[in-house]
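Notes follow the structure.
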Amino acid sequence: MNEYQRKFFDYLANLQEECVQICMSQNKCTDKKIESMLYDVTYNMTTEIMTLIDGYSSFCSDKLDIVNTVTGECLKENPFIELHDATDGILKY
């Protein structure tokens with residue numbers, strides 16, 4: 001994974017953590033089963049969005065990409081990655 005890809009997935013992992021913890025806090029919840037469920041839901045949702053971008057969804061079979069408009073760097077290149085495959089091991093579930 002290159003630096004751009006690593007930063008993107010680190011951001012997603014931090015975002016997932018923040019969303020789960022905010023939800024747990026707002027609901028004054030300490031139940032580990034609910035926390036685990038929230039990680040599963042956020043993991044599945046994020047992976048499905050990455051699958052959509054990769055072009056493997058029923059909505060759109062076009063392969064898309066995320067491009068940094070300042071540098072022109074494409075998220076899925078150098079090295080080439082399938083975004084939905086990269087969520088495993090980075091996001092919690």
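The values are calculated or read from the model by the stated rules, or taken from the named source; none is laboratory data. This structure is a prediction, so every number in the text was calculated from the model and none was measured. Here the Cβ is made from the backbone with ideal geometry for all residues, glycine too, and neighbour counts use every protein chain on show. Note: accessible area is taken over every heavy atom of the protein model, side chains too, but ligands, DNA and RNA are not part of it. Shrake-Rupley method; radii C 1.70, N 1.55, O 1.52, S 1.80 Å.
Pairing residues of the stretch 67-90 that are in contact (Cβ under 8 Å) with a residue 40 or more places away in the chain with residues that are open to solvent by 70 Å² or more (accessible area, probe 1.4 Å) and assigned to a helix (DSSP H, G or I), at Cβ distances under 9 Å and at least 6 apart in sequence or on separate chains, gives Ile90/Asp10.
Among the numbered conditions (1) over 22 Å from Gln5 (Cβ atoms); (2) in contact with a Cys (Cβ under 8 Å, 6 or more places away or on another chain), the only one that Asp65 does not meet is (1). Go through (1) under 11 Å from the mean Cα position of the chain (by Cα); (2) in contact (Cβ under 8 Å) with a residue 24 or more places away in the chain one by one and return the number of the condition Asn14 breaks. All conditions are met except number (2). Within the stretch 15-39, being on the phi > 0 side of the Ramachandran plot and of a type in the set (A, V, I, L, M) holds for no residue. Here Asp88 fulfils each of the conditions (1) touching a Ser or Thr at 6+ places or on another chain (Cβ under 9 Å); (2) at pLDDT 95 or above; (3) not polar (S, T, N, Q) apart from (2).
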